[in-house]
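Worksheet: the structure to be examined is printed underneath.
The values are calculated or read from the model by the stated rules, or taken from the named source; none is laboratory data. Predicted model, so just to flag it, every value in this text is computed and none were measured. Cβ: placed from backbone, ideal geometry, glycine included. Neighbour counts: every protein chain shown.
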Amino acid sequence: MPQNALNFNDLLEATTKSAVHLEMRDLYGVGDEADDFGHWRQTGERDADPASAYWAPWVGLISRATARGVQVRRARIIAEPVTDYIRYEHAGTDVNVHAGEDVRWLPRRRAVDLLVPGCDLWILDGERVLFNHFTGDGNWSDPGLELRTEPALVQQCVDAFEAVWERATPHAEYKIH
């Protein structure tokens, strides 16, 4: 996550009911993944140890949220055939699931009639939307996070996420094409 006035960890720690994440890019180029992604591309090996230095902060954050009753869901809209980056994400998603996330995948061709926001987002407790802004090459823009609370906008995002979720395939059933 980018470093700016908004702190995602603090927002998630304050969440009490639900946190849903909609991802729609086929490539991310964020710096905190660069080494792990590069290693995966060279070796085909993905860090899948929830206790590793790479995963432990995320696993801790999500585990704390789910322990206090927060339902955490992630939906990914992806192109098929998938990019190397999506293969990399898929290879690590078991750790997301281990941490307590419920993850689903939706091929973009199955989403053509859905109206979705223009960028990735988190919806927190159905009351706040945290938009994630990226540059064209998939790195965080400046600023990278935008928090919005207007009820009509939040509801549009909730509706979009639920439409994607309803159509998407659970991680355990989704096979990479």
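Taking residue 65 as the residue in question, decide whether it is among the small types (Gly, Ala, Ser) and modelled with pLDDT under 95. Against the criterion (among the small types (Gly, Ala, Ser) and modelled with pLDDT under 95), residue 65 does not qualify.
Consider the range 152-177 and keep the residues that are of a type in the set (D, E, K, R) and part of a helix (DSSP H, G or I). The one that is surrounded by the fewest Cβ atoms within 10 Å (Cβ to Cβ) is 173. Does the range 82-100 contain at least one residue that is over 13 Å from the mean Cα position of the chain (by Cα), outside any helix (DSSP H, G or I), farther than 19 Å from residue 161 by Cβ and of a type outside the set (Lys, Arg)? Yes, there is a match, as at least one residue in the range 82-100 is over 13 Å from the mean Cα position of the chain (by Cα), outside any helix (DSSP H, G or I), farther than 19 Å from residue 161 by Cβ and of a type outside the set (Lys, Arg). Restricting attention to the range 86-136, the residues that are modelled with pLDDT under 95 and of a type in the set (Ser, Thr, Tyr) add up to 1. Remark: pairs (first residue in the range 106-126, at positive phi and in contact (Cβ under 8 Å) with a residue 60 or more places away in the chain; second residue polar (S, T, N, Q) and part of a loop (DSSP other than H, G, I, E, B); Cβ separation under 8 Å; 6+ apart in sequence or on different chains) = 125/15; 125/16. The criterion of at least 2 residues that are aromatic (Phe, Trp, Tyr) is met, among strands (runs of 3 or more DSSP E) falling completely within the range 107-151, by 128-134.
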